[in-house]
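To start, the structure under review is shown below, and the notes come after it.
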Amino acid sequence: MSLHWALICHGLITLTIVVSFLCGQWPIFQGTPISSIHRFLTFGAYQYFLRFIGAVFGDRGTNLILSVEYYCCDRPNPILQLIYLAIIGTTYYIIVKTSFSYIPGYYLSEVHRYASFLAVAVGILLFLVTSFSDPGTVKADNVSRYLSAYPYDNIIYTEKECPTCKIPKPARSKHCSLCNRCVARFDHHCGWMNNCIGERNTRYFLAFLLWHFLLCIYGTIAIGLVLAGRLKELQIVHVLTVYYRVDNSLRSLAPYVVQWLLDAHNTQILLMVFMGVVSLLLAGFFAYHANLCLTNTTTNETFKWQDYISWQKKLIEARASTAALKANIAGMTTEGKPRESKCKSFFRQSLLQDTEAIVKKNVYDKGFFHNLYEVVFPVSTRASFLHTKSKSG
């Protein structure tokens, strides 16, 4: 029984650490232990480690750690790519070793031996395509076409030159400091792909997230059906109700069935928990990026809009404070002048709020179907884009 509790505690601790590391910065977790664990994992633990290295090995040890950090965090490297391949390869290997001996089974046919391999192979293929595809690099020979394809909105994008590439920066593009290139319709730099996600490979990135979400769901359900088949084939419920006189109800049978599963198939249970948690995280990431694509926004632009709206709010508040101050001064200097009515004051406040709403308008959002079409068929892959190239040449 102690082994069962150890496995349960191990699963809960693993789940807490994974959720804290990946989601601890979310607003919903602010002020909770999840947020504190996230700060410790992402900042505090590393700082304590640096202090320990400095105390034991001196500046030479600290400089060595900082150089490793620079390579891992500030330069393109395949570390996370190798970790991804290790995770998916190890997980599939454990599934094969622990579950394939029960396939075909009571609920699963032999086709799942080959379907699972095909599903993993497609996932790895999408990973490779996303990792090594061109995200939409802006160069001197195509910058004029990107300038035509993505006009400036003069709100968050204005005409300027990239100080590194020394070429005009099309709207929605960004210079990636890790890849050292300008990327059209830049979304973010993905460490797992060791590549930028931009105009040409956003579609592959979304397909990667969706496919791996479905892959985790498929794996979880398949293992669940394997375990359900084992319960049926070994007649565990029949043995419990007939020989051990356990009441034939879900409440009475559940503890014994769970105990048997943890004892006989604890590896499969841990795999199901792992894939279930990963599927939830992938579902969140996919939903977030799908919503961005359907509104024709990028991750980079969400931060730009937040900064711009914050600046606009401060500007509006400053103007309102200035106007109120002028009104007070005018009221003190002008005797007998009636004060501004509450209705007029409310109307002016509403007008300011309407002004704030106007500046939030995304001029690149041209409707659901157009936005989806732009992601699936990027601008630079269309005949009109190539035709502009021949004309400009």
Criterion violated by K174 - all others in (1) charged (D, E, K, R); (2) within 18 Å of T297 (Cα to Cα); (3) surrounded by fewer than 19 Cβ atoms within 10 Å (Cβ to Cβ) satisfied: (3)
Residue list for segment 344-393, restricted to those being modelled with pLDDT of 55 or more and assigned to a loop (DSSP other than H, G, I, E, B): K360, K361, N362, V363, Y364, D365, K366, G367, F377, P378, R382
Helices (runs of 4 or more DSSP H) completely within segment 219-324 that count 1 or more residues being modelled with pLDDT under 85 and over 27 Å from T14 (Cα atoms): 236-242, 250-264
Output for segment 1-33, where each listed residue is closer than 30 Å to H265 by Cβ and β-branched (V, I, T): I8, I13, T14, T16, I17, V18, V19
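The values are calculated or read from the model by the stated rules, or taken from the named source; none is laboratory data. Note that the structure is predicted; figures quoted are calculated from it, not measured. FYI the Cβ positions are ideal-geometry reconstructions off the backbone, even for glycines, and counts take in every protein chain you see.
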